[in-house]
Amino acid sequence: MAKMRGGLIQVGLKADTSESPAKIRDAMLAAHRPLIEQAGRGGVQVLCFQEVFTQPYFCPSQDVKWYAAAESIPGPTTEEMQAFAKKYQMVIVVPIYEADPVAGVYYNTAAVIDADGSYLGKYRKTHIPQVAGFWEKFFFKPGASRWPVFQTRYCKLGVYICYDRHFPEGWRALALNGAQYIVNPSATVAGLSEYLWKLEQPAAAAANGCWIGAINRVGREQPWNIGEFYGQSYFVNPRGQIEAIASRDGDELLVHEMDMDMVTEVRNLWQFFRDRRPEAYGRLTDAE
């Protein structure tokens, strides 16, 4: 059986939000480095962090201060992760706030670094929420990256970010583009949608015959009172079964060995791709 060792890192905020984005970035990187080293020493082959992992989830505010948290890709954070990737021969998915070369344009992005340290490309979050407490359109422009799938050393890898997970079309597009493993870095809090956390990704994994790694942050981030980030990062297999799950409230590296042969096995058994009828689905892309 073809095995792949995955790692997911969930971490609480390590600096006060009154600090500058630069100081917060330094504190969050300092908190992640020991866990990245632990992953590397433990033989993790594909590692992913939570959404905008170097910063708080600042979208409960509408404060232009946070524009200063954005950085270029490639840039300082991705370059540091390239060094880790090369050192440990480990693919790393790096979700950060991206500053576009066009001034004043920003994206919620994940860079993908291959196991030799090379930069493969990026995925920009496609679906951007704008509801009370989640003013993401103030900070992020929607991506239009056509569902890239990255041929890494160990697997064909897709990325889908947080709110994206509520839209089944993107999961399917990534799978049709060849993704065997899809990571979903998130920042999601307890409340109305918590029960969906263990429902949507397993459903997407079963519908598309792929592995999914779901990553969430932990703790509360003041002064915003939007609730508790409830962790519980997990791996779910192509049958929709959760095989490993992290704690609700602790900084943690979750490591799991995935049987990648299950992707072909499940797709051969459940012939969803053969039996789909795209010619009948025009209503899904109608503008009205």
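The values are calculated or read from the model by the stated rules, or taken from the named source; none is laboratory data. The structure presented is a predicted model; accordingly, all values stated were derived computationally and were not measured. With ideal geometry, Cβ positions are generated from the backbone for all residues, glycine too; neighbour counts draw on all protein chains shown.
Residue count for the stretch 74-118, restricted to those that are more than 28 Å from LYS137 (Cβ to Cβ) and not in a helix (DSSP H, G or I): 10. In this entry, LYS87 is excluded by the filter for residues that are surrounded by fewer than 19 Cβ atoms within 10 Å (Cβ to Cβ), in contact with a strand residue (DSSP E or B) (Cβ under 7 Å, 6 or more places away or on another chain) and in contact (Cβ under 8 Å) with a residue 24 or more places away in the chain. The set of residues in the stretch 7-43 that are crowded, with 21+ Cβ neighbours inside 10 Å and farther than 24 Å from VAL189 by Cα comprises ILE36, ALA39. You will find that of LEU13, LEU29, LEU35, the residue that is under 26 Å from GLU221 (Cα atoms), in contact with a Leu (Cβ under 7 Å, 6 or more places away or on another chain) and of a type in the set (A, V, I, L, M) is LEU35 and no other. The criterion of at least 2 residues that are crowded, with 19+ Cβ neighbours inside 10 Å and either modelled with pLDDT of 95 or more or touching a His at 6+ places or on another chain (Cβ under 7 Å) (or both) is met by the following strands (runs of 3 or more DSSP E) wholly inside the stretch 165-279: 181-185, 211-215, 234-236, 252-259. Of all residues in the stretch 56-71, none satisfies being under 22 Å from TRP211 (Cα atoms), touching a residue at least 60 places away in the same chain (Cβ under 8 Å) and either in contact with a Ser or Thr (Cβ under 9 Å, 6 or more places away or on another chain) or among the hydroxyl-bearing types (Ser, Thr, Tyr) (or both).
Can you tell me which residue within the stretch 1-27, out of those that are among the polar types (S, T, N, Q) and part of a loop (DSSP other than H, G, I, E, B), is nearest to MET262 (Cα to Cα)? If we take residues in the stretch 1-27 being among the polar types (S, T, N, Q) and part of a loop (DSSP other than H, G, I, E, B), then THR17 is nearest to MET262 (Cα to Cα).
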